[in-house]
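What follows is a short report on a single structure.
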Amino acid sequence: MTIYRLLLLSFPRAFREAHAAEMARQFDEEHRARRGRPVALAWLWTRAIADALWHGLLARLGVRWVLGETPAVDAASRSGLVRRAWRTFGQNAGGDVKLGARRLIKSPGFALVSVLTLALGIGSATALFSVVDTVLLRPLPWPEADRLVSVFGVRPDRATDPVYSASWNRGLISWPAWQQLRESAAFDEVGAWRRSRQIFTNPGIEDGVDVWYVSSSFLSLMGAEVSLGRLFGPDEDGEYDLAETALLTPETWMRRFGGRADILGEQIHLAYQAGEERVATIVGVLRPGTSFTAGAPDFLLPIGQTPPVSRTGNPVVLAMARLAPELSIEAGLAAAEPIVRGDESPDRRTARLVPVSEDLLGPARRPLWLLFGGAGLLLLVACANVAGLLITDARTRRHEIAIRTSLGCSRLRVLRQLTIENLVLAVVAASAGLALAVWLTPMLVALAPARLPGLTTVAIDLRVAAFAIGVGVMTVLIFGTGPALTLSSTRPAALTADSRFATSRHPAAHRAIVAGELGLALVLLVCASLFGETLLRLTSQPLGFDPRGLAIASVEAMKLPFEVQVPTAEQYQSMSQVERVAHHDAHFRRVQATWMHTAGVIERLEALPGVSSAAAQGLNLPFGGRTNVALYRAEYAPVSEELSVLTQVVTEGYFETMGMQMLRGRSLVAADRLEPIGITAAGRASPTPVVISRAVEQRLFGGEAVGKRLLRENPGGRFLYDVIGVVSSVRHRAFTEDEPLRLYVLDTSILTIHHLLVRTSGDAAAILPAVRQTIRDYDPNMVVTSTTTMEELVGETIAHERFRARLSAAFGGAALLLAAVGIYSLAARRVAERRREIGVRVALGARPAHVRKLVLRETLLAIVVGLALGLPAALAASQLTSALLFEVSPTSPRVFAAAAAVLAVAALAASVLPAARASRIDPMLVLRE
Amino acid sequence: MPRHARDVLPLKPLVFQALLVLADGDRHGWSLVQELQRRHGGKRLLPGNLYRLLNSMTAEGLIEVVEPSKRERVQAAADTGANAERRRYFGLTTFGRDVARAEAHRLEALVDESRRKRLITARPR
């Protein structure tokens, strides 16, 4: 508060004695209310400084604050003040604006370079500001969002399981736990929701859609309102047997129903899988602008419509709650923990409360601020460049200013003229920067990872425009004032000296500015190299398969020609031999039919031009986002050694299609599948042949596994699996995760195909329409819910890294360019200043090489100083990035050396041209001037 | 300085607001500023602005620094701890009350006139 007390010195002493303590106290209260919010604090300080200075001035002038009409004495003092200010700064300002515009037009080179340079800096800073502003600075769009928390069920026992690396602490909670949380006093409101992927089968349409089951309280937490119809009522939260109802999002309403106003009461047809069908009645359309914390659904259904069977203790819903006022997260957690845990022990299940703002923005905050910082550095480089230009420009104008002063122009008047000229430059540059930002922002949004919240609403608005103009004016004023001050002190005496040959008074200042610019460019280049290296290292991680040229069609499995009831163990035991044969026969035919069906579509797909192979698989597509595991252990191993293994039902040819590597043993062949005889509820008569990934071999067997057996035990029985081969480990979710455990089995008793994979020699994206059409032609009942390429799926997992790498590379490149321009202008200016000297040297016998060396030596000095300044700064900056790096040390000497070398080479290259020009100076011409 | 309340009309809106707030009872600066911000629709009132206002109002004789009543002291101490003892309380002077009343009458006359000229139609409630 001492600083604020100092500010109060602007008030008269009597005023301070009466009020300073109270004022400081009020400021303290304001300060405390913003603790932990740096932006709000900065804003408070800015306003408090303005407030103290302005009102201090008015208090000193004795301007009273009470009456609507000012007493005469105040009016006099105020108008006197205004008149004085006007005489100094306002009069004939229009003329100076004209002069400023004329300066830009008369020297188009100067105008073009300085406007472009500033526009580049202002444009990139503004574009990033628009993103930072929308994503980080604006309040989240939900009512009382600061009290919103996500309540996660946590499975501590899964923390080390590679399959659950991303989801173990972000899990669901059970239905009863949700009901109990609603009664807890710790929460004002608790909403529940769950997502599901379903098929939308209205006549003429078959498409995969995202359906969310939500409670009425969830809708109220999200501040949802309808533009048509009604929301879900609390009665729809619980009853399962009510008629199904549905809400449309505005996007679905427009896209699928043409925004018709008479939509209420119409029916939609949804299905979990092809063949089955449910009908729901549309009861409302959400208002545009309604947003949710996790993406957007196509349809919303009441949570009461989830089957009652899921209302036991199993975790089935995601929970979101609003904490009671004044309640801390810790207190909320203490209330929620016993409810979420239920009967489990704390090491099996526990709760976690995360504020929604943290959940959504936590991981995005630092990288975005860093990138914004990068844009700020680029802006600084641009400013330094313009400062250099202004210094050079000032030198050429000494003559003009000297004439003005000799004709009686006051220093203040000269200063005003130069300042207004700079302001004209600033406004032009800021407008150009704003235009650049308008163009850059959509590109930035397109490049940015889609997971950033609120990204779709990023736009250049008044706030952003004000930011651009403000930044432009501030930078030019700050960087232009120095040269203007120097220039305005020009005395008429300068006229007597031959100003054309006078070396300027501040070559050192210019050199320091250029050196600083190089230092800043080094910081940006180092960060860009670190992020680039990270991306490179990430993408060169072995995936275990080849994603290139791999097209994926996700399908909902066809309805089977006939159904088989799988008997329980007791039922099977009590069957007669005849019944057993009939059962096996039916099962065999079912398996056979499914197999033929799947083989048929694969055959058609393989016949497409450019396709080398195709295969099908069930759940657990790598990078497909969904996970389904079972616990396995080696035969004879204790239960404690069980691990979660991703089980994948595949067709033969899968490993070739995926481009996986067979490490040991043999691949799966048709013969491994055709063993339906002997399948019982109690288990197979003979073990099922499986191929396992290398990770399973290492973690469950600890060595050579081919020929050994895996065991899965569950209430349904004991199942044994013969390991016949080992393949490379395929990553499941990210480049950086531990190798997940996978097991591949040929399509036998589990009969659902979820994904068809097609390997092409060409572009995978180009073949997607043909793949979709082929499947539809083959079996209209097979619904293709989505098509994509494996490269796209894999790419999404590194979207953040790619965004950072690209953006920082752009900043680094721009900084490099600007630094080169800066060096060039310094060298060119020095050559121009030393023309006479160089001419004399040449006349006295200096060789061109000597002259070149003379010029290069000077820029070399700037480069060395710049690098020396930049290295520690780059070291500090790279420490900030260390959490975002992968397999690259933030102090990697290789990266630093490379960045420094690139910068030095570029800077030297930029000074070669002026040096060459210097070496061609004709002494005769110079000496005659 | 014997003056008529009419001499200082019209008041600045913020001054009138402050008089209205103080009409309920004496307040210290921080409590006054919070109430004013609430009435102003959350618009921030920073210390320099506020205390120059209070200073001018005191100089015009509209308000004065008063000894807080015992009840208020106890209340304030419970609110913010021992610090509250040192707070300065402001209260309306008789002149201030007259001025507020005169300003209210002035505004009322304006509203009446607007109503007569059918600029606004709402009935007085």
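Quick note: the coordinates plus some simple rules give every number you see, no bench work behind them. In this text, all values refer to a predicted model and were calculated from it rather than measured experimentally. Methodologically, a virtual Cβ is constructed for each residue, glycine included, from the backbone with ideal geometry; neighbour enumeration extends over all protein chains shown.
Here are the numbers for this structure:
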| quantity | calculated |
| --- | --- |
| Relative contact order [Cα under 8 Å, 6+ residues apart], the range A:135-245, whole percent | 18 |
| Relative contact order computed over chain A (Cα-Cα under 8 Å; 6+ residues apart), in percent | 15 |
| Relative packing of peptides A:843-856, A:907-920, A:643-656 - highest average C-beta neighbours within 10 Å first | A:643-656, A:907-920, A:843-856 |
| Peptide-level mean, for A:44-51, of C-beta atoms on other protein chains within 10 Å | 3 |
| Charge dipole (chain A, unit charges on Cβ, about Cα centre) - positive-most of A:TRP178, A:VAL356, A:ILE3 | A:ILE3 |
| For the protein assembly as shown, with +1 on Lys and Arg beta carbons and -1 on Asp and Glu, the positive-most of A:ILE724, A:VAL821, A:PRO442 along the dipole | A:VAL821 |
| Net dipole in debye of the range A:789-891 [+1 Lys, Arg Cβ; -1 Asp, Glu Cβ; about Cα centre; nearest 20] | 1160 |
| Rounded tilt (10° steps) of A:462-488 against the dominant C-alpha axis of chain A | 30 |
| Burial ranking of peptide ranges A:261-269, A:132-140, A:193-201 (average Cβ count within 10 Å, highest at the top) | A:193-201, A:132-140, A:261-269 |
| Tilt relative to chain A, helix A:799-833 - C-alpha long axis, 0 to 90 degrees, to 10 | 20 |
| The range A:308-397, relative contact order in percent, only Cα pairs under 8 angstrom and at least six apart counted | 17 |
| Assigned charges on the beta-carbon of Lys, Arg, Asp, Glu; the range A:587-676 dipole about Cα centre (debye) | 180 |
| Two-decimal Rg to Rh for the range A:130-218 - Kirkwood Rh, Cα set | 1.06 |
| Other protein chain Cβ atoms within 10 Å, averaged over every residue that makes up A:18-30 | 6 |
| Fraction of the pair-distance distribution of the protein assembly as shown above 39 Å, Cα-Cα pairs, percent | 64 |
| Label-reachable residues, the range A:26-44, where backbone N falls under 15 Å from a point 7 Å from A:ALA466's Cα toward its Cβ | A:40, A:43-44 |
| 10 Å Cβ neighbours from other chains, averaged over peptide B:51-63 | 5 |
| Mean Cβ neighbour count within 10 Å, used as a protection proxy, ranking A:798-804, B:22-28 highest first | A:798-804, B:22-28 |
| Assigned charges on the beta-carbon of Lys, Arg, Asp, Glu; the protein assembly as shown dipole about Cα centre (debye) | 6940 |
| Nearest 10 degrees, 0 to 90: helix A:13-33 Cα axis against chain A principal axis | 20 |
| Sparse-neighbourhood loop sites, GluC sites (Glu not before Pro) in the range A:315-382 - DSSP loop, at most 16 other Cβ within 10 angstrom | A:GLU326, A:GLU344 |
| Scaled radius of gyration (Cα, divided by 2.2 N^0.38 Å) that the range A:196-336 gives | 1.12 |
